[in-house]
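The values are calculated or read from the model by the stated rules, or taken from the named source; none is laboratory data. Please read these numbers as outputs of a predicted model, since none were measured by experiment. Because the Cβ atoms are built from the backbone with ideal geometry, glycine has one as well, and the counts that use them run over all protein chains shown.
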Amino acid sequence: MEFRDLKKQYIKYKEKIDNSINAVLNTGCYIQGKQVDGLEEELADFAGVKHCITCANGTDALQISLMAMGVGYGDAVFVPDFTFFSSGEVIPVVGATPVFVDIDRKTFNISVDSLKKAIENVIHNTNLIPRVIVAVDLFGQPADYTGIKGIADKYDLLILEDGAQGFGGKINDAMNCSFGNISTTSFFPAKPLGCYGDGGAIFTNSDEYNDMLRSLCVHGKGMDKYDNVRIGFNSRLDSIQAAVLRQKLLFLNEELMACNINARLYTEYLEHCVGVPFVMKEATSAWAQYTILLKDAGERKRVMEALEQQGIPSMIYYRKGLHKQSAFKDYQLDFQDCSVTDDVSERCLSLPMHAYLEEWEIAIITDTICKAVKG
Ligand SMILES: *Cc1c(COP(=O)(O)O)cnc(C)c1O
């Protein structure tokens, strides 16, 4: 059994994907170009956002967005403690200070209460200027953007939505990657919309950000890439990856529906023996991960071992909060309280999740888990 079965997807759509890759090989255009332009239009349309700018990966997308927002030395950027390293990593890279915010116990996304406390603390106890909230759509579920927007308005902060795990998720009909002043996603193969290498995209409704982002992605170009008006990056998407993504985008909705059916099955079989994911009433997750909560670290270990014995992969996303990563040891603040992250990271476990998981596989996985829990 695979944790995220990319091969099954490829085999199902092999002819279409192979043809689209071969078509690119025959054009002689391998970076950006017509495929990338077409993809950007289709992604913007899908997300319901005016501009989409593709780039080399989801981490670049975040870093370039912070640069476009003019974030730098002396600025505080708020980021949930429980997320993939990238969400926080890009903040010191642009010279700003990350402030780690605890998560909501039910959704695992940034806690609006903790966010408010962290901002107040930064204002009263540091010399930093609060600038940006990085809101992560963790495991595919949109963050609480109603709450986050309220806080952003109150304190005059920008929202950077990290939708790397969330492309295709939504709140009512508003799609993930439409909630930030700038939003980003990743096309790393295992993400909800993945290519066959690295890739990323940035979304915004602002014409000014659009111009700035396009410049930053291509060596700070002005009129063209040999007219350089600012320091930028080489962060572009390959034409082959764009062609693959355009094919995969055609069946993304179908796959997301299958994931939602699988999530419902998991929950039905598991809710009596372990903690199951909580999805907000108006929200739909893109199900990058299906993550359960065990009683304690010991029970998690037992469940992982039982699964492994059956040849079932499981992963710990995430083993510790960002504030516990040694890379961030110089960014600890006295008022920081990430006790919910500390608790969740001891007990969480992510299970195989993708559109091609069969009901009988879910039955075996859940049966193994419930038996291991009951001992
Ligand atoms: C994967 C991921 C990223 C980074 O994307 P890459 O394309 O791997 O650089 C950023 N944030 C989150 C939450 C992610 O899961």
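Look at (1) in contact with an Asp or Glu (Cβ under 7 Å, 6 or more places away or on another chain); (2) at positive phi and you find that Phe139 fails only one, number (1).
Filtering Pro142, Pro130 for residues that are in contact with a Gly (Cβ under 6 Å, 6 or more places away or on another chain) and either surrounded by fewer than 24 Cβ atoms within 10 Å (Cβ to Cβ) or not charged (D, E, K, R) (or both) leaves a single hit, Pro142.
For Asn26, the conditions (1) polar (S, T, N, Q); (2) away from the ligand (no atom under 16 Å from the Cβ); (3) surrounded by 15 or more Cβ atoms within 10 Å (Cβ to Cβ) all hold with the exception of (3). Are any of the residues in region 156-170 surrounded by fewer than 20 Cβ atoms within 10 Å (Cβ to Cβ) and over 24 Å from Ala283 (Cα atoms)? Among the residues of region 156-170, at least one is surrounded by fewer than 20 Cβ atoms within 10 Å (Cβ to Cβ) and over 24 Å from Ala283 (Cα atoms), which makes the answer yes.
Inside region 99-141, residues that are assigned to a helix (DSSP H, G or I), of a type outside the set (A, V, I, L, M, F, W, C) and over 16 Å from Asn176 (Cα atoms) make up a count of 8. Of all residues in region 59-79, those satisfying the criterion of being away from the ligand (no atom under 13 Å from the Cβ) and assigned to a helix (DSSP H, G or I) are Met67, Ala68. Quick check, is Leu62 touching a helix residue (DSSP H, G or I) at 6+ places or on another chain (Cβ under 7 Å), farther than 27 Å from Pro130 by Cβ and surrounded by 15 or more Cβ atoms within 10 Å (Cβ to Cβ)? For Leu62, the condition - touching a helix residue (DSSP H, G or I) at 6+ places or on another chain (Cβ under 7 Å), farther than 27 Å from Pro130 by Cβ and surrounded by 15 or more Cβ atoms within 10 Å (Cβ to Cβ) - is not met.
If you go through region 41-58 and keep only what is within 17 Å of Asn181 (Cα to Cα) and within 12 Å of the ligand (Cβ to nearest atom), you end up with Thr54, Gly58. Return the residue satisfying two criteria in turn: it lies in region 186-222 and is more than 16 Å from the ligand (Cβ to nearest atom) and over 17 Å from Glu40 (Cβ atoms), and of such residues it is surrounded by the most Cβ atoms within 10 Å (Cβ to Cβ). For region 186-222, the residue satisfying everything is His219. Looking at this structure, is Arg302 in a helix (DSSP H, G or I), at pLDDT 95 or above and more than 30 Å from Asn127 (Cα to Cα)? Yes. All of (1) away from the ligand (no atom under 16 Å from the Cβ); (2) within 28 Å of Glu282 (Cβ to Cβ); (3) not hydroxyl-bearing (Ser, Thr, Tyr) hold for Lys225 with one exception: (2). Going residue by residue through region 332-355, is there one that turns out to be in contact with a Pro (Cβ under 8 Å, 6 or more places away or on another chain), over 20 Å from Ala288 (Cα atoms) and of a type in the set (Ser, Thr, Tyr)? Looking through region 332-355, none of the residues is in contact with a Pro (Cβ under 8 Å, 6 or more places away or on another chain), over 20 Å from Ala288 (Cα atoms) and of a type in the set (Ser, Thr, Tyr). Among the criteria (1) closer than 15 Å to Phe78 by Cβ; (2) of a type outside the set (A, V, I, L, M); (3) away from the ligand (no atom under 15 Å from the Cβ); (4) not in a helix (DSSP H, G or I), the one Glu161 does not fulfil is (3). Restricted to region 67-93, and to residues there that are more than 20 Å from the chain's Cα centre (by Cα) and in contact (Cβ under 8 Å) with a residue 24 or more places away in the chain, the residue that is surrounded by the most Cβ atoms within 10 Å (Cβ to Cβ) is Ala76.
Examine region 255-262 for a residue that is of a type in the set (A, V, I, L, M), under 18 Å from the mean Cα position of the chain (by Cα) and surrounded by 16 or more Cβ atoms within 10 Å (Cβ to Cβ), and state whether such a residue exists. Scanning region 255-262 turns up at least one residue that is of a type in the set (A, V, I, L, M), under 18 Å from the mean Cα position of the chain (by Cα) and surrounded by 16 or more Cβ atoms within 10 Å (Cβ to Cβ). Taking each residue of region 245-267 that is closer than 18 Å to Ala190 by Cβ and looking for partners that are assigned to a helix (DSSP H, G or I) and acidic (Asp, Glu) with beta-carbon atoms closer than 8 Å, six or more apart or interchain, yields Leu249/Glu42. Among the residues of region 80-94 satisfying the criterion of being in contact with a Ser or Thr (Cβ under 6 Å, 6 or more places away or on another chain) and under 15 Å from Leu115 (Cβ atoms), which is farthest from the ligand (Cβ to nearest atom)? Looking at the filtered set, the residue picked out is Asp81. Screening Tyr10 with (1) over 15 Å from the mean Cα position of the chain (by Cα); (2) of a type in the set (Phe, Trp, Tyr); (3) outside any helix (DSSP H, G or I) gives one miss only, at (3).
Which of the residues that make up region 201-259 are under 30 Å from Glu15 (Cα atoms) and of a type in the set (S, T, N, Q)? Of everything in region 201-259, those that are under 30 Å from Glu15 (Cα atoms) and of a type in the set (S, T, N, Q) turn out to be Ser235, Ser239, Gln241, Gln247, Asn253.
Hey, could you check region 318-335 for residues that are within 21 Å of Lys116 (Cα to Cα) and touching a helix residue (DSSP H, G or I) at 6+ places or on another chain (Cβ under 6 Å) and say which is modelled with the lowest pLDDT? Only one residue fits best here, namely Phe335.
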